[in-house]
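The structure appears right after this line, and notes come after that.
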Amino acid sequence: MRGASGASTGGPVWPNQRPGARIAVNIVFDGIVSALAAPVARYLADPHGGLLHPLWFVAGGAITLLVSGVPFRMPQQYWRFSGVADLVSIAGASAASAALFAAGLWATGYPLPTPTFPIIHALVLLVSLGSVRMASRLAARRRRSVARRRIVLAGPDLAADLFLRALERDPEGSEVVGLLTEGARQAGRRIHGVPILGVLSDLDQVLSRLAQAQRTPDLVVLTDPDLRGAGLAAVLEAAQRRGIAVQRTPSLMTLTPADRVELRPVAIEDLLNRPQVPLDREGISRMIAGSVVLVTGAGGTIGSELARQIAAFQPERLLLLDHGEFALWQIDLEISEQSPEVDRVALIADVRDRTRIAALFAQYRPELVFHAAALKHVPIVENNPFEGILTNVIGSRIVADCARAAGARAMVLISTDKAVNPSSLMGASKRCAEIYCQALDKRARAEGGQDMRCVTVRFGNVLGSTGSVVPLFRRQLERGGPLTVTHPDMTRYFMTVPEAVGLVLQAARRGTVAVASEQGAGTEAILRNGGIFVLDMGEPVRILDLARQMIRLAGLRPDEDIAITITGLRPGEKLFEELFHGREAPVPTDAAGLRIARPRTVDLLEAETLLDRLATVCHAEDLDRALAILRDLVPEFAHNPDGVVTPPPSRPHAASPAAHEPIA
């Protein structure tokens, strides 16, 4: 029950209690209990002495306890939340009260009933006062027992202990019917009275046993923040077969006394099963701290995360460049709130406008440039080919040329797996951008490294990015479905946005600093010949499986509660994506999470000539000639404007080093 102030009451439940009134009630009840404890202890110490005693004997028991309890803050105890610390205080106050009472008897000439009377008196006080508080706590728990959810907790025993303690304060009430811990030998033991039923891998059998006992839980709650990937998928599958929802606990740091325990849904990112890659944060800090850093496309998914992470490394100035006013305003506001000490400038500009970009570079002289600006949505670029080519190819060239002219140390090009064996204009345009930056970097390294380095970083999809499949599925789920999948065999690589950007910074550091080691020398040799970095994306994910998992995470059943519709490939879309071309043998690097590819290179003069012609025909809107130039630059470009299904190659998976033929 709550008082007028909205706070839960302390000892016995009284309406409209203020803090002072609650303390007074605690004092009254403690006084009554201790007054009764004195004759009871007298009787237990000397049964032949009887229970009737002078009134002063009873009053003395109450007075001594109230006096002794003040140093132990007994009047301020919150009975409903009594715990071990309160029990220790009660024990101290009981011992002090018994000693004070015995001293009072001795001082007044009243003989002690027995020599053990003070000990018995202290024990009676401890049991009596502790029992009253335990009864108050159990009564509060009983009041919450209406319409309880049944829960199975799965995770470490320490997390289960914290959650069970926090759950006692939840007014909605939930009944934990069992625990699944990490220790194989813990089964049969109990935590706060809740039995340990087995380990996490036993979930299927445990749920079956609970169903037979007619105690099927409503919810499986995961207390292990590190449970991801296949283990998490197995939990979801076992629970989904029985129509049981799965949720996570809050962070252990937030499991503190509160009125409500807020569970959260399992995130789709948790199913990736990606171990944390150690970053060279010290090296990244040396690269960024005190430098002027420019991020193009700063309002986009990758660009905005780049801005956040770069700001944390304290650059001298952070330049945020984007063509969209609202997106630029959003990231500028966020950086101002999260890193107010960082000097930043929001710049509206189109990367295709050479005059504007050149003026900005001449004015601000960025030392590091992260080029994330691009048109990335495959069907939209197919429908707007000249905009896509001019932005992704010519815009990238303009940024690279202006950065080099302004004396930048390095430019980092954000590329995509769609640039490998491209079937879309978007993929081919990004491959052209790769080729130009490769040519610039190759010349810079050949000339002794004094010129600007161009570091190209290629990776697949990022979860939650604008226009990607995960936000689309979430919107479709909110509308009640159906979820649309273009093909049942469609697969994609996925990575979280913060992880991808962290590895981009790692690649930037590695691509601009020579490493004196055998593996580092090998990486340097490949970079000198036009090598590009490829993020380790793990295993590809089947989009149909992703859709089913998202439906399950929403507590629904695929194909029953939410339908899944196959819509067919879109223009330019591939059934699968690759991170390496068939002749790009992937090579591990000396930097965690990074591999390096050796794609075909084009001479810088030839690349400049072809890009000049490409810009001319795009401005003239001559699509046939533009496609011909793209094929000259990217011979492996197999345009698929009609979305025709192309089966995967018969060779092994493209992400495996064994899958690639060596370069002659």
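Taken together, the values in this text are just the output of simple stated rules run on the coordinates, not laboratory data. As the structure is a computational prediction, the values presented were derived from the model and not from experiment. We place every Cβ from the backbone using ideal geometry, glycine too, and count neighbours over all the protein chains shown.
Some notes on this structure:
- Packing-based ranking, highest mean first, of 428-438, 499-509 given that Cβ atoms within 10 Å are counted: 428-438, 499-509
- Between Glu606 and Ala358, the FRET efficiency from the beta-carbon distance, with R0 = 22 Å, is close to 0.40.
- Gyration tensor (alpha-carbon) shape descriptor, the stretch 388-539, a/c threshold 1.5: prolate
- Peptides 343-354, 411-422 ordered by average Cβ neighbours within 10 Å, highest first: 411-422, 343-354
- Gain upon complete extension [Asp559, Ala213; 0.36 nm per residue less C-alpha separation]: 121.6 nm
- Distance between the C-alpha centres of the stretch 537-597 and the stretch 327-388: 28 Å, rounded to the whole angstrom.
- For the peptides 93-99, 209-215, the ranking by mean Cβ contacts within 10 Å, running from highest to lowest, is 93-99, 209-215.
- The alpha-carbon of Lys574 sits under 25 angstrom from the alpha-carbons of these lysines, leaving out residues fewer than 8 places away in its chain: Lys376, Lys418, Lys430.
- Charging the Cβ of each Asp and Glu at -1 and of each Lys and Arg at +1, and nothing else, the dipole of the stretch 518-582 about its Cα centre rounds to 200 debye.
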